[in-house]
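Everything below concerns the one structure shown next.
The values are calculated or read from the model by the stated rules, or taken from the named source; none is laboratory data. Keep in mind the model is a prediction, meaning the values are calculated, not measured. Methodologically, a virtual Cβ is constructed for each residue, glycine included, from the backbone with ideal geometry; neighbour enumeration extends over all protein chains shown. Just the protein is used for accessible areas: all its heavy atoms, side chains included, with ligands, DNA and RNA removed. Shrake-Rupley method; radii C 1.70, N 1.55, O 1.52, S 1.80 Å.
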Amino acid sequence: NINCKEMCDREKNTNVHLSLPAVCIVWQTAMIILFGVFMRYDHESDAHWVEHRKHSNLTDIENDFYFRYPSFQDVHVMIFVGFGFLMTFLKRYSFGGVGFNFLIAAFGLQWALLMQGWFHWLDADGKIRIGIENLINADFCVAGCLIAYGALLGKVSPVQLMVLTLFGITLFAVEEFIIISVIHARDAGGSMVIHTFGGYYGLSVSWMLYRPNLHQSSRLQGSVYHSDVFAMIGTLFLWMFWPSFNSAICDHGDGQHRAAINTYLCLASTVLTTVAISSLFQKHGKLDMVHIQNSTLAGGVAAGTAAEFMLMPYGCLIVGFCCGIISTLGYIFLTPFMEKHLKIQDTCGIHNLHAMPGVVGGIVGAITAASASIEVYGHEGLVNTFDFMDKFKDMVPTTQGGHQAAGLCVALCFGIGGGIIVGAILRLPIWGDPADDNCFDDETYWEVPEEEESIPTILQYNNHVQNKDM
């Protein structure tokens, strides 16, 4: 009898000639059917807006589109350009980094619109009403799966990534509903819901898909000069637009304004401590590009939960200061430790950029919420910031702090538990993933042009022209 482990570890076949087209076509067809059954425009994007506007004495400029679209645009750029290019640092896996990011984000946002719609936006006649805020929330949902992809970069097939996204979006929608609606935790920028969940989801899947002979691909598990520059483009897009990410779904007015300021300051502070720690622990004080590409963003992650709270400008700088240190030390010490002793192979170091700073963000949010007072917020400000309305109208800040901590625990449980289950499914030998000696290479799934041959040809041509001139 062949046991499960032997079946999962048998020889790999990377041919996705039938499985990838089948998954893409069948799942997209399913999306079309489900959208036909459930999805409708909301009152602000429907043609009846004109009547609604007149009846409610509104103007077109009061349509939510004009408030939310700039933030949506920034978040959309972060998802496709920021995350995509951040993953192009591997010397032979740039197509896979940016291309598979594109694929799973495009599928994921459709499934996210449905999953989140069923939990949050169903109306009386069983339809999901879609508007600009739904698009932002779908992008947030996708971000969790893109974070998880970071841990698996170069080691999985596109079919596995589609499965990872299908289950990841489903888990995300459930944990988000529990944290935001049931527990009533606040998490505007998603430190808990997006980063903690996505980080530990990816790490748990990676643990389940541990490759004992991954060192056979170590020749490709690094960067070259130009791939690091490409990855830095992703970093800068993420860094610039992170204030939009954390403030995108905050309340109009002071909440959104404050979230942008808090994130802006956290990010600025993180850069200096990242550079400091990187230089301190490298030989001759030289900087490591891995730290500059990733750890400089940790402050944006940690600012997420408390983004709309009265964290105070100096508080933001302290959070950023700490995150730069924690994240960079994570790259130097924790990542090698986790690979050697815990059998977690984390290609992009998502534990240091998303998981740990996400937990820090959740803790900062709990402390900030618990210490909130009428003196600092004012009575209406307190009610508005923490949404102390309806069945939560008698809630006090100290209780809210406890609920914030509970939300962090839920994110951790869903990330780790869900990752282990999905990892077990992805271990089945049917997904076309590469062998241990064939990872981090675009040749497996992409038509790659032969750039090495073209360079000597250009040099020969230049030499020929120079000799002719002489």
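Numbers below:
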read-out	value
Of (i) 36.2; (ii) 23.6; (iii) 29.1, the label for mean projected area of the Cα convex hull in nm² derived from the coordinates	(iii)
Residue 424-residue 240 pseudo-label distance in nm [points 7 Å out on the Cα-to-Cβ vector]	4.6
P(r) of region 18-148 over all Cα-Cα pairs, binned every 5 Å from zero, in whole percent	2, 10, 16, 17, 18, 15, 10, 6, 4, 2, 1, 0
Phi to ³J(HN,Hα) by Karplus 6.51 cos²θ - 1.76 cosθ + 1.60 over region 284-296, Hz, x for Gly, Pro	6, x, 6, 8, 9, 4, 4, 5, 5, 5, 10, 5, 5
Dipole of the chain, positive direction: furthest Cα of 14, 111, 240, with charges on the beta-carbon	14
Kirkwood Rh and Cα Rg combined as Rg/Rh, region 123-204	1.02
Interchain or long-range residues, amide H under 5 Å from residue 41's placed H	130
Residue order for 175, 44, 51 - accessible surface, 1.4 angstrom probe, largest first	51, 44, 175
Region 241-384: Rg to Rh, with Rh as the Kirkwood radius over Cα pairs	1.05
Per DSSP, loop chymotrypsin sites (Phe, Trp or Tyr not before Pro) in region 197-263 with at most 15 further Cβ within 10 Å	210
For region 350-457, alpha-carbon Rg over 2.2 N^0.38 Å	1.87
Proximal charge balance of residue 362 [Cβ under 12 Å; K/R count +1, D/E count -1]	0
Distance histogram in 10 Å bins (all Cα pairs of region 103-252, percent per bin)	10, 35, 35, 15, 5, 1
Reduced Cα scattering model of region 332-408, Debye log10 I(q)/I(0), q = 0.27 Å⁻¹	-1.19
Helix runs (DSSP H) in the chain reaching 27 Å along axis by Cα, Kyte-Doolittle at least -1.0	19-38, 94-116, 132-152, 225-247, 254-281, 397-426
Segment residue 62-residue 28, extension gain: residue separation times 0.36 nm, minus the distance between their alpha carbons	8.8 nm
Estimated FRET transfer efficiency (residue 41, residue 409; beta-carbon r; R0 30 Å; 0.05)	0.20
Range of Cα positions in region 249-334 per principal axis (Å), largest first	48, 21, 17
Carbon/sulfur fraction of accessible area - region 46-116, other protein chains in place, 1.4 Å, %	64
Residue 286 accessible area, 1.4 Å probe, all protein chains in place, Å² to nearest 10	140
Alpha-carbon Rg with Dmax, taken over region 176-282, Å	18.4, 54
